[in-house]
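Asker: Here's a structure for you.
The values are calculated or read from the model by the stated rules, or taken from the named source; none is laboratory data. Owing to the predicted nature of the structure, the values given are computational and were not obtained by experimental measurement. Every residue, glycine among them, receives a Cβ derived from its backbone with ideal geometry; neighbour counts consider all protein chains shown.
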Amino acid sequence: MNYFYSILLLFTIGALGSLFLGKKDQAANLWGNLFAIAGSVAGLIFSIQTLLSGTTPILTVPSAFPLLSFTFKFDQLSTYFMLIICTIATLASIYALGYVKHYYKKYNIGVLGFFYNIFIASMILVATSHNALFFLIVWELMSLASYFLVIYENREHNNIKAGSLYFMMTHVGTAFIVLAFLLMYSVTGSFEFEAIKTGIVHAPSQITNLILLFALFGFGTKAGIIPLHIWLPSAHPAAPTHVSALMSGVMIKTGIYMLIRFSLFFLPAVPLWWGLLILILGAVSSLLGVLYALAEHDIKKLLAYHSIENIGIILLGLGSAFVFVSAHLYSLAAIGLIAALYHTLNHATFKALLFMGAGSVISETHTRNIEEYGGLIKHMPQTALFFLIGSMAISALPPFNGFFSEWMTFQSLFQGVLRFDVLTKLTFILSAGALAFTGGLAAACFVKAFGATFLARPRNQEVAHTKEPGVPLRAGMAGLAALTIVLGFFSGTVTGFLNKVAASLINLSGTETMIHAQTQSVNIANNFAFISMPQIFIGLVAALTVVAGITYLLTRTQKVSRNITWDCGSDLSPRMEITATGFSRSFITVFQKVLKPLKETEVEYDDERMKYFPKSNAIHLELQDIYMPYIYQPLRKLVLDTAGQMKKIQVGYTNAYILYILIALIGILFVLAL
């Protein structure tokens with residue numbers, strides 16, 4: 001356990017040292033990120049050792065405050081999430097060594113290093129804390145550290161606005177989390193997780209239902225589940241890129257971690273409606289998330305919306321697992337849970353890679369608008385390759401990791417279609433359809449993102465001056481790109497490992513094993529579905545080799561001549577390319593009832609009398625955020641109206657306030673007497 005203290009000490013030294021160095025840019029950058037790397041690597045080693053040992057270490061430090069203890073438990077679930085956090089934090093910190101340089105002489109690098117180290121340490125504490133009060137403390141620490149990172153570039157008004165929305169939403173979510181823990185305390189009389197697990201079984205169903213709903217609101221807000229997601233598309237792009245990679249790839253998964261903890265650790269006998277609700281929210285989040293991403297041309301916002309989409313995919317796996325648990329089909333529940341846990345790791349990997357690729361492009365072009373890119377593959381070929389790998393992984397193309405976890409999610413949903421009655425069967429069918437639709441739209445979105453960014457001709461003069469980013473940035477991206485391939489190729493090994501994590505949460509003893517995972521293959525439900533990622537990889541390589549060979553044989557005698565492209569008598573220009581807006585316009589038109597597009601046309605003439613010969617014609621296409629006018633604005637109006645009515649009792653007389661206190665005391669005594 002001293003080793004775990006050493007991990008926390010490394011982050012503490014990194015944070016305080018960065019703050020002390022302050023505006024000594026290079027020293028603060030090196031100090032903060034090198035200690036973040038050291039702490040993350042140490043945490044990675046610790047989590048791997050703990051998982052392989054199969055032990056469940058518990059560390060308890062007594063507190064002088066009643067009900068509060070600093071309890072850490074390293075079970076399979078918490079250690080697995082610690083593994084994800086430390087893996088992505090290691091590579092993000094390597095990337096940051098080079099990326100942070102463009103903040104030199106602009107912002108305080110020491111402040112960035114301070115909150116960055118605190119942020120990583122707090123996520124580790126969230127995953128390992130085992131006392132509700134201690135958990136709330138470190139949860140708040142994580143929220144505050146990430147808030148200050150979001151507003152780090154505080155000279156940008158939009159960043160302050162994004163941070164304010166994030167601050168408000170995360171604390172609304174925290175309020176619901178507090179209510180959930182208070183309800184648990186009212187039943188169990190303890191804030192210790194183990195005591196809650198033991199005592200909550202005696203709670204009435206009405207109480208457990210409320211606990212689940214409060215947990216959904218609280219942790220769903222952090223995870224970015226639609227419609228609780230409104231902070232995410234603005235907050236993630238506002239943060240520095242290596243922080244965006246951690247927030248989108250890792251931090252939002254803490255909400256998923258606690259939903260699993262509440263559903264399978266605290267309340268193992270979850271009701272059917274809970275699983276169906278999670279399935280519906282997963283289908284809606286995945287589908288709407290990718291639709292909004294398709295219409296977005298801010299590259300970091302596009303990636304942020306895809307985080308919502310992938311949270312939805314994770315929820316589809318979780319929802320199916322919860323439904324199977326409610327029906328006591330534990331071996332099938334393991335399939336859904338493994339799919340969710342695998343996609344949690346996969347999304348952390350390829351989303352961090354994509355954010356880092358986007359950050360490298362932004363640091364060179366000084367814009368986040370995809371429409372102003374183009375032709376970057378000639379100047380940044382390595383970055384283009386890494387971004388392409390991430391794009392293929394998130395589009396669930398084999399042999400990359402995203403393909404396998406989505407395949408597993410499909411298998412879980414198909415099992416639900418086979419096993420249940422009409423209403424539940426229909427929910428599984430619609431969920432599978434939403435997942436299939438989401439996969440196709442995600443592929444289309446990244447055809448747009450990669451093509452408009454790296455291919456064709458430059459659409460901005462800045463592109464001509466771009467170059468590959470420094471070695472640390474490329475090293476961070478290369479590590480994540482390699483990880484997407486490794487996690488895909490060795491999916492059988494990873495599945496076998498995750499089966500142990502699932503078994504620690506679901507009682508699989510005495511049930512038929514539905515997953516047979518080997519190094520090279522995975523077999524589900526006695527050959528209901530079989531897959532071998534190495535065989536797929538070999539097949540793809542063989543197919544490409546055959547195509548390349550045939551192409552060579554057919555064209556080896558042909559002479560290749562290079563000439564200027566025929567341009568219809570005019571000069572070729574970027575205006576002749578299909579734009580990102582043009583690419584996504586057909587999708588927006590098809591889904592206009594959902595997306596509510598707003599079109600604004602600006603026409604400029606040299607002379608008003610020459611109205612048929614415009615000098616320029618510009619079209620601006622924006623989307624309405626349907627959640628604001630239909631959910632949040634009415635809610636805001638209700639709160640303001642209620643506050644206005646409550647204000648009437650503030651009469652300004654002391655006697656009146658004493659009367660209010662007396663009435664409140666009488667009411668409390670009356671309730672206690674009952």
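Asker: Suppose we keep only residues that are surrounded by fewer than 20 Cβ atoms within 10 Å (Cβ to Cβ) and hydrophobic (A, V, I, L, M, F, W, C) within segment 170-180. Which one would you say is nearest to residue 216 (Cα to Cα)?
Answerer: Only one residue fits best here, namely 176.
Per-residue answers, yes or no, for (1) surrounded by 19 or more Cβ atoms within 10 Å (Cβ to Cβ); (2) touching an Asp or Glu at 6+ places or on another chain (Cβ under 8 Å); (3) not in a helix (DSSP H, G or I):
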| position | (1), (2), (3) |
| --- | --- |
| 32 | yes, no, no |
| 35 | yes, no, no |
| 49 | no, no, no |
| 63 | no, no, yes |
| 85 | yes, no, no |
| 90 | yes, no, no |
| 115 | yes, no, no |
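Asker: Please specify each residue of segment 157-209 satisfying the condition of being under 30 Å from residue 234 (Cα atoms), among the β-branched types (Val, Ile, Thr) and touching a residue at least 24 places away in the same chain (Cβ under 8 Å).
Answerer: 170, 172, 174, 177, 178
Asker: Picking from 452, 442, which residue would you name as being surrounded by 15 or more Cβ atoms within 10 Å (Cβ to Cβ), closer than 30 Å to residue 90 by Cα, not assigned by TED's automatic domain parsing to the domain that holds residue 90 and not polar (S, T, N, Q)? Even if it seems obvious, please write down each step before you answer.
Answerer: On the way: 452 fails: closer than 30 Å to residue 90 by Cα.
Within the list 452, 442, the selection yields 442.
Asker: Being buried (at least 17 other Cβ atoms within 10 Å of the Cβ) and either farther than 18 Å from residue 68 by Cβ or of a type in the set (D, E, K, R) (or both): is that true of residue 162 here?
Answerer: yes
Asker: Suppose the filter is assigned to a helix (DSSP H, G or I), modelled with pLDDT under 95, under 23 Å from the mean Cα position of the chain (by Cα) and more than 23 Å from residue 298 (Cα to Cα); does residue 502 pass it?
Answerer: Yes: the conditions hold for residue 502.
Asker: Taking segment 248-302 only, how many residues are over 17 Å from residue 337 (Cβ atoms), charged (D, E, K, R) and within 16 Å of the chain's Cα centre (by Cα)?
Answerer: 2
Asker: Which of the residues that make up segment 9-32 are in contact (Cβ under 8 Å) with a residue 40 or more places away in the chain and closer than 21 Å to residue 472 by Cα?
Answerer: Selection gives 11, 14, 15, 18, 24, 25, 26, 28, 29, 30, 31, 32.
Asker: Just checking, which of 353, 385 is under 16 Å from the mean Cα position of the chain (by Cα), modelled with pLDDT of 95 or more and of a type in the set (A, V, I, L, M, F, W, C)?
Answerer: 353
Asker: Follow-up question, since we're still on this one. For segment 390-418, which positions are surrounded by fewer than 24 Cβ atoms within 10 Å (Cβ to Cβ) and hydrophobic (A, V, I, L, M, F, W, C)?
Answerer: 392, 397, 403, 407, 410, 414, 417, 418
Asker: So, one more: Given the residues 265, 324, which is the only one that is buried (at least 24 other Cβ atoms within 10 Å of the Cβ) and aromatic (Phe, Trp, Tyr)?
Answerer: Testing whether each residue is buried (at least 24 other Cβ atoms within 10 Å of the Cβ) and aromatic (Phe, Trp, Tyr) leaves just 324.
Asker: Okay, next question. Name the residues in segment 301-321 that are crowded, with 24+ Cβ neighbours inside 10 Å and charged (D, E, K, R), would you?
Answerer: Of everything in segment 301-321, just one residue is crowded, with 24+ Cβ neighbours inside 10 Å and charged (D, E, K, R), namely 309.
Asker: Then there's this: When you look at residue 334, is it part of a helix (DSSP H, G or I), touching a strand residue (DSSP E or B) at 6+ places or on another chain (Cβ under 9 Å) and among the aliphatic types (A, V, I, L, M), yes or no?
Answerer: Details: part of a helix (DSSP H, G or I): yes; touching a strand residue (DSSP E or B) at 6+ places or on another chain (Cβ under 9 Å): yes; among the aliphatic types (A, V, I, L, M): yes.
Yes; evaluated as a whole, the condition is true for this residue.
Asker: Only one of (1) crowded, with 24+ Cβ neighbours inside 10 Å; (2) closer than 15 Å to residue 255 by Cβ; (3) not β-branched (Val, Ile, Thr) fails for residue 184. Which number is that?
Answerer: (2)
Asker: So which residues in segment 527-561 are part of a loop (DSSP other than H, G, I, E, B) and either surrounded by 10 or more Cβ atoms within 10 Å (Cβ to Cβ) or in contact (Cβ under 8 Å) with a residue 24 or more places away in the chain (or both)?
Answerer: 528, 532
Asker: Among the numbered criteria (1) at pLDDT below 70; (2) in contact with a Pro (Cβ under 6 Å, 6 or more places away or on another chain), which one does residue 631 miss?
Answerer: Every condition holds for residue 631 apart from (1).
Asker: Moving on. State the number of residues belonging to segment 98-145 that are of a type in the set (Phe, Trp, Tyr), under 17 Å from residue 257 (Cβ atoms) and out of contact with any strand residue (DSSP E or B) (no Cβ under 8 Å at 6 or more places or on another chain).
Answerer: Let us first name the residues in segment 98-145 that are of a type in the set (Phe, Trp, Tyr), namely 99, 103-104, 107, 114-116, 119, 134-135, 139.
Within this subset, residues satisfying the condition of being under 17 Å from residue 257 (Cβ atoms) are 119, 134-135, 139.
So of that shortlist, the ones also out of contact with any strand residue (DSSP E or B) (no Cβ under 8 Å at 6 or more places or on another chain) come out as 119, 139.
Counting residues in segment 98-145 that are of a type in the set (Phe, Trp, Tyr), under 17 Å from residue 257 (Cβ atoms) and out of contact with any strand residue (DSSP E or B) (no Cβ under 8 Å at 6 or more places or on another chain) gives 2.
Asker: Can you tell me which residues in segment 377-399 are assigned to a helix (DSSP H, G or I) and among the polar types (S, T, N, Q)?
Answerer: 382, 383, 391 - these are the residues of segment 377-399 that are assigned to a helix (DSSP H, G or I) and among the polar types (S, T, N, Q).
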